[in-house]
Amino acid sequence: MADVVVGKEKGGEQRLVSLPLSRIRVIMKSSPEVSSINQEALVLTAKATELFVQYLATYSYKHGSGRDKKALTYSDLSNTAEESETFQFLADILPKKILASKYLKMLKEEKREEDEEENDNNDECDDDEAES
């Protein structure tokens, strides 16, 4: 396998991956299509996950506002998910944070628009019936 070694176990031995393999196994087994998991597949999935998270964090840091503060923030990650085509699939998982009051206002506006559309549709139906 790779010569890259990251992290250390309790006994001081070096490990290939940093993520806990038992947790990854549980996540993988939660899929109904998976019946058994090969140890090599488990390690490769863990390593691929680490590399993906590292790339996401690096990209978000470089393209975000955290560079000025030397910190990676949630808003940097959510902006990356929203703006980058590569990470677009994460937009639902990393939504932009909004205040509860703004969210409630948005819900009221959407409900009002739906009610207006419903009323317009009812008026059109009434007009059609009157013409018949």
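Among the listed pairs 47/97; 62/102; 62/105, give every one whose C-alpha distance is greater than 32 Å.
On the way: 47/97 30 Å; 62/102 29 Å; 62/105 34 Å.
As for pairs spanning more than 32 Å Cα to Cα, those are 62/105.
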Practice task
Tabulate in residue order the Karplus-calculated ³J(HN,Hα) for the stretch 91-103, using 6.51 cos²θ - 1.76 cosθ + 1.60 with θ = phi - 60°, rounded to whole Hz; enter x for Gly and Pro.
Solution key: 4, 6, 7, 10, x, 5, 7, 9, 6, 4, 4, 5, 5
Practice task
Kindly write out, for the stretch 23-30 in residue order, the coupling ³J(HN,Hα) from the Karplus curve 6.51 cos²θ - 1.76 cosθ + 1.60 (θ = phi - 60°), rounded to whole Hz, with x marking Gly and Pro.
Solution key: 5, 5, 4, 4, 5, 5, 6, 5
Practice task
Starting from one equal scatterer on each C-alpha and no solvent at all, send me the Debye-based log10 I(q)/I(0) for the stretch 12-119 at q = 0.10, 0.13, 0.16, 0.20 Å⁻¹, two decimals.
Solution key: -0.51, -0.75, -0.92, -1.07
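Take the Cβ-Cβ distance between residue 39 and residue 90 as r, set R0 to 35 Å, and report the resulting FRET efficiency rounded to the nearest 0.05. Working shown, then result.
Working: r = 28 Å, r/R0 = 0.81.
Rounded to the nearest 0.05, the efficiency is 0.75.
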Problem - Binned Cα-Cα distances of the stretch 31-82, short to long, each 5 Å bin given as a whole percent - result: 4, 19, 19, 15, 11, 10, 12, 7, 3, 0
Handout entry: In the stretch 22-101, the trypsin sites (Lys or Arg not before Pro) that fall in loop regions by DSSP, at most 13 other Cβ within 10 Å
Key = 70, 96, 97
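Where a number appears in this text, it was derived from the coordinates with a stated rule and is not lab data. Since this is a predicted model, take the numbers as computed values, not measurements. Note that each Cβ is placed from the backbone with ideal geometry, even for glycine, and that neighbours are counted across all protein chains shown.
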